[in-house]
Amino acid sequence: MKLTLPKMLQIAVTFVTCAFLLVPTLQSVLAGVTVNYFKGVSSGLTLKWIGRVWELYADSIFLSIWLAIACLVCTLIIGVPAAYGLARRPGWVSRVLEEFISLPLAIPGLALALALLQLYGSMKGFRTSWTFILAGHVLYTLPFMVRSVLAVLSVIDLKTLEEGAASLGAGPWRRFCDIVVPNAMPGILAGALTVVTLSIGEFNLTWMLHTPYLKTLPVGLADSYASMRLEVASAYTLVFFVIIVPLLMAMQWASNRAQRIAQ
Amino acid sequence: MRPNAFVQLCFLPLIIFTLAFLALPLVRLFVSSVSGEDGWSIYWKVVTTPRYLDALLQTVFVSLAVTIAALVISTTVGLFLARNEFRGRGMILSVLTLPLAFPGVVIGFLIILLGGRQGLFNQITSGHVVFAYTMFGLFLGYLYFSIPRVLLTVMAATEKLDPALEEAARSLGAGSFHVIKDVIMPGLAPSLVAAGAIAFATAMGAFGTAFTLATNIDVLPMVIYTEFTLSANIAMAAALSVVLGLVTWLLLVIARSFSGTTAAAGG
């Protein structure tokens, strides 16, 4: 690599950007296991803060995992058949429908949450149950599932495959299970990992939809940032990183794989 | 069952869900905005009341600044990473895309660790360098989640550029600066416009980061939040949400017309 002035400039910008993104992340990891952050690492390392997080927020962690799984099940049931329908019926109606369900990607979560609250806020039983938060999560993650599956399905010659199976006597349901789903698997996997990752990290909608008895992981994070000492807040952030970073890496791997297939 | 009927049945769960949780709530949001005391004139009030207009302008201003900074930084880094092979490149790429899954609140907290009262800058400098809760802190927070998104778009676009064009320009005697200005930039332009629109729209609607950092700054999502929770001014909160939603949606439609991609909102 020959070092010219523009190249040195590029290296400098890359280095500063990496530092900007990485340093505070490492700080928070370190602060979460330091006895006294203000005195520095010399005060010793401890797992006490992680333990404290577990006492205070274990419920919110489990709620988030539960919500993510439920959200995944819903997006699979709604999204996979819908993607199949969109792939089989390309046309302007499908395009408008796809565009419409993608609105939650464009409209800020806060506005969507207000819309949901306006319509369902007075239905007390629903408003105060975990399914209300679930509806918000499904709304936000569904377009990712549909697009991910659709991207894979639209490069496959479904029509020919299905005609072949039909001529051998397979009904529509059988063809859906034995041809469509296996062929769409890379897209379903990428979509599923995206849905779980986004659901666990979702804050903008959830903050408006949650109740004091139903706090998700990111809601608990906001709570700890506002009211806990820095070490506890950092330890909680560390717990979040431990959950989200492997998910993100798996998601990126699966998405790249699905994209290669869709090309 | 007829095959046609089966395909139509496949749409059924989607249509029921979308009607119940997207279409009807959005209609209701709009109806709420015009059924307050002011009626339709509430939208006139948005642009004539200094508090709302200032918040709107302030949000546009910070989002614009973030967009420009993110484009400059991500294009520089993206071109460097796409055009050079070296050890640790994959590692750097992972570091730069890691924040994609961080919610806005976490990014706000990370900025506090940099520029808060117990933050890094306040510790290593003798003076009181506390910027987390200022406009600059908010700018850094928005920049934090914009860089990865823009970077991925730039790198994907760079990979599609033909390196032979750059070689040809170089062999004809063009210097690095001219290659970037006359060959690479025109090729990247559509993707940069798209990535910029996405960054701008995301910054406009970012709630989580503003929630942790903008305790004293009126940006649009915070104004909506306080109107709704503290002032119980439902009509105004709904009207501001409608304006915000329309602006971000239009921007992303424009972005898509320039290139085929849209990334996730969030922050």
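The values are calculated or read from the model by the stated rules, or taken from the named source; none is laboratory data. The shown structure was predicted, so the numbers you read here are calculated from the model rather than taken from an experiment. Cβ: placed from backbone, ideal geometry, glycine included. Neighbour counts: every protein chain shown.
Some points to look at:
- Selection count where residues are more than 19 Å from residue A:75 (Cα to Cα) and either touching an Asp or Glu at 6+ places or on another chain (Cβ under 6 Å) or not in a helix (DSSP H, G or I) (or both), scope segment A:196-212: 3
- Residue A:194 vs. criteria touching a Leu at 6+ places or on another chain (Cβ under 9 Å), facing chain B (nearest Cβ under 9 Å) and either surrounded by 24 or more Cβ atoms within 10 Å (Cβ to Cβ) or without any contact (Cβ under 8 Å) to a residue 12 or more places away in the chain (or both): no
- Filter pass, residue A:146 being within 10 Å of another protein chain (Cβ to nearest Cβ), farther than 30 Å from residue B:229 by Cβ and at pLDDT 95 or above: yes
- The residues of segment B:7-31 that are more than 7 Å from chain A (Cβ to nearest Cβ) and closer than 14 Å to residue A:135 by Cβ, listed by number, are B:16, B:19, B:20, B:23.
- Within segment B:1-51, the residues that satisfy the criterion of being in a helix (DSSP H, G or I), surrounded by 13 or more Cβ atoms within 10 Å (Cβ to Cβ) and hydroxyl-bearing (Ser, Thr, Tyr) are B:18, B:32, B:33, B:43.
- The lone exception for residue A:141 - which of (1) surrounded by fewer than 24 Cβ atoms within 10 Å (Cβ to Cβ); (2) over 18 Å from residue A:96 (Cα atoms) it fails: (1)
- So residue A:95, is it facing chain B (nearest Cβ under 10 Å) and either surrounded by 13 or more Cβ atoms within 10 Å (Cβ to Cβ) or at pLDDT below 95 (or both): no
- Pairs with Cβ under 8 Å, 6+ apart, first in segment A:211-222 and in contact (Cβ under 8 Å) with a residue 24 or more places away in the chain, second crowded, with 24+ Cβ neighbours inside 10 Å and of a type in the set (Asp, Glu): A:216/A:202; A:218/A:202
- Exclusive hit being surrounded by 13 or more Cβ atoms within 10 Å (Cβ to Cβ), under 30 Å from the mean Cα position of the chain (by Cα) and within 11 Å of chain B (Cβ to nearest Cβ), set A:20, A:15: A:20
- Flag if residue B:77 is closer than 30 Å to residue B:190 by Cβ and of a type in the set (Val, Ile, Thr): yes
- Qualifying position, being out of contact with any helix residue (DSSP H, G or I) (no Cβ under 6 Å at 6 or more places or on another chain), small (Gly, Ala, Ser) and under 26 Å from residue A:7 (Cα atoms), among B:187, B:196: B:187
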